[in-house]
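The structure appears right after this line, and notes come after that.
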Amino acid sequence: MWNFSLLAVKLLQIHGIGHRAVNAILNELKDSKDTVDDKLLMEIISRRSVKRKSEDEIARALIEGERIYTATLERGFKFTTVFDDNYPKKLLRLRYPPVILNYAGDISFCNDLITVTLSGTRHPTAHGYNILPS
């Protein structure tokens, strides 16, 4: 099983690639027997991308995604994707559910709520990073 959270965070760092495209890429990889590494991701992105990205641009984005993923985990936050059992069931009813969620605490409570509001950015400012709980 691949680490879909890491792959999603890395892919979302590529300018012009959003949740729907990441969901499609991860679905393509879901049953793959190949090793999923940055080289394979770069090939898939090159095949799928309407706006061509340079290999350097993609490589930098994938490295930045890994840095963000690691820093987020180090701060005590967690990830869940549409492929995980703990992903909120009500969000799966959306036409285009967010492919990944970042959270702190017990996400299972989302299944008991009438509504859920989530907000955030893929490109937080330095101030945003600094106010996160340690």
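The values are calculated or read from the model by the stated rules, or taken from the named source; none is laboratory data. These figures come from a predicted structure and were not determined experimentally. Here the Cβ is made from the backbone with ideal geometry for all residues, glycine too, and neighbour counts use every protein chain on show.
Name the pairs: first residue in the stretch 19-37 and closer than 22 Å to L101 by Cα and of a type in the set (K, R), second residue at pLDDT 85 or above and surrounded by fewer than 11 Cβ atoms within 10 Å (Cβ to Cβ), Cβ to Cβ under 8 Å, at least 6 apart or on different chains? From residues that are closer than 22 Å to L101 by Cα and of a type in the set (K, R), the pairs are R20/Y96. Has the stretch 103-118 got any residue that is under 23 Å from L41 (Cβ atoms), modelled with pLDDT of 85 or more, surrounded by 10 or more Cβ atoms within 10 Å (Cβ to Cβ) and under 15 Å from the mean Cα position of the chain (by Cα)? No, every residue in the stretch 103-118 fails to be under 23 Å from L41 (Cβ atoms), modelled with pLDDT of 85 or more, surrounded by 10 or more Cβ atoms within 10 Å (Cβ to Cβ) and under 15 Å from the mean Cα position of the chain (by Cα). Scan the stretch 12-66 for residues that are assigned to a helix (DSSP H, G or I) and of a type in the set (K, R) and the total you get is 6.
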